[in-house]
Structure formats: structure tokens, C-alpha cells
Amino acid sequence: VTGVQTCALPIFLVGTMNPEEGDLRPQLLDRFGLVVEARTPTDPVQRAEVVRRRVAFDTDPARFIAEYEDRETDLARTLARAAHDVAAVLVPDPMLELAVELCIEAQADGLRPDLTVYRAARALAALDARAEVTKDDVLDAALLALPHRQRRHPFQPQQAPSVDDLVAARRDPPADEPPSADGDRAP
């Protein structure tokens, strides 16, 4: 097709909302690929650090920006490298199957959730400079892609298990846990 140009860079929309203002319709929520819930920190040390940094910025914005410039530049380079490498990241069939199983168990409607978990897992692997998706990539992606897509049936008493519970059940136990009698690690 002559005269048609394609954009080489993906377009991202980042939005915020206040849940106190009400829920969004499921059809709209499904259009958001990944969702992160931001909560006010409850750890006093973490909260104090946030306040210190905000006061430092308010006091001398130029100095504050200069203090974090190297970290920001490193992060930008890491993201650019990952964006370049993501197309080469492989998703083994067992990892695709895990993504699909999580979507089914979470009762996420349609195939958009499966595709989103798949793509997010690849992005996480690329961000870590790995050539292949791991179980942890799929589980971490599911935590971002599925909770807002879970079906809610107001007239049915049984709801889908939380995505947190589904992911926790599949995480490997800590290495310091003793094996159980059958050779597997204790649940």
C-alpha cells in the first residue's frame, strides 16, 4: 500500500483512577493490558524516605534531578535494550500452557488476557536480559494482567479464586524449606 506509514514504536496509554469513584465496566477494564494498584506505604521507614525525597525535590529541584540522573539514564538504556530484544524472547510451550491455565482458572473472559500474559512475560524476560520466558515471568505477568479481568457473577455464590492465590499455589517453595516425605518440597 503506497503512502501508508506504520509506527515503529508501540503507543502506550497510562491512566489513573480513584476506586472510590466507582468501578469501570468490565468491557473497558479488559482494554487495559496491565494494571498496578498503588497503595500508600505502611512501613514508617519507607514513608519517611518518600517524604525526605519530596522535601529534597521541593527545596532544590535541579540538585534532586542531578542526583538521580545516572540511575534514570541507566533505566532508560535498560528499557531500550529490552524493547529491542523482546521480539527474540522465546516462550516454551509449558510456559504458554501455564499462562493459559492461569487465565482459565482466574475465569478471565476472552483471549486478550492470555495474549497479555504471554506478551508481558516476554517483556519481563527481555528486561532481565534473558532469551527465554520462565515460570516466574508468567506468574509475575499474571499478577498484572488478570485481577482486573476476573469475571464477577453477582448471582452465583462461587467466585473465581484470587489471582494472588492462583500464583502463590504455583510459586516454588523457598529453597530453605525441607523436602517432604515424597521428595517434593513441603507445600
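In the stretch 149-176, the residue that is modelled with the highest pLDDT out of those that are within 20 Å of residue 25 (Cα to Cα) and in contact with a strand residue (DSSP E or B) (Cβ under 9 Å, 6 or more places away or on another chain) is 163. For the stretch 9-25, a residue qualifies if it is part of a helix (DSSP H, G or I) and open to solvent by 100 Å² or more (accessible area, probe 1.4 Å), and the qualifying residues are 20, 21.
If only residues of the stretch 32-45 that are exposed (fewer than 11 other Cβ atoms within 10 Å of the Cβ) and over 18 Å from residue 143 (Cβ atoms) are counted, the one that is modelled with the lowest pLDDT is 40. Look at the stretch 75-97: where a residue is farther than 14 Å from residue 129 by Cβ and a partner is assigned to a helix (DSSP H, G or I) and aromatic (Phe, Trp, Tyr), sitting 6+ places away or on another chain with Cβ atoms under 8 Å, you get 91/118; 96/118.
Do we find a residue being in a helix (DSSP H, G or I), hydroxyl-bearing (Ser, Thr, Tyr) and open to solvent by 80 Å² or more (accessible area, probe 1.4 Å) anywhere in the stretch 71-93? Looking through the stretch 71-93, none of the residues is in a helix (DSSP H, G or I), hydroxyl-bearing (Ser, Thr, Tyr) and open to solvent by 80 Å² or more (accessible area, probe 1.4 Å).
The values are calculated or read from the model by the stated rules, or taken from the named source; none is laboratory data. A quick note: this is a predicted structure, and the numbers were derived from the prediction, not measured. Cβ coordinates were reconstructed from backbone atoms using ideal geometry, including for glycine residues, and neighbour counts include every protein chain displayed. Ligands, DNA and RNA are excluded from the accessible area calculation, which covers all protein heavy atoms including side chains. Shrake-Rupley method; radii C 1.70, N 1.55, O 1.52, S 1.80 Å.
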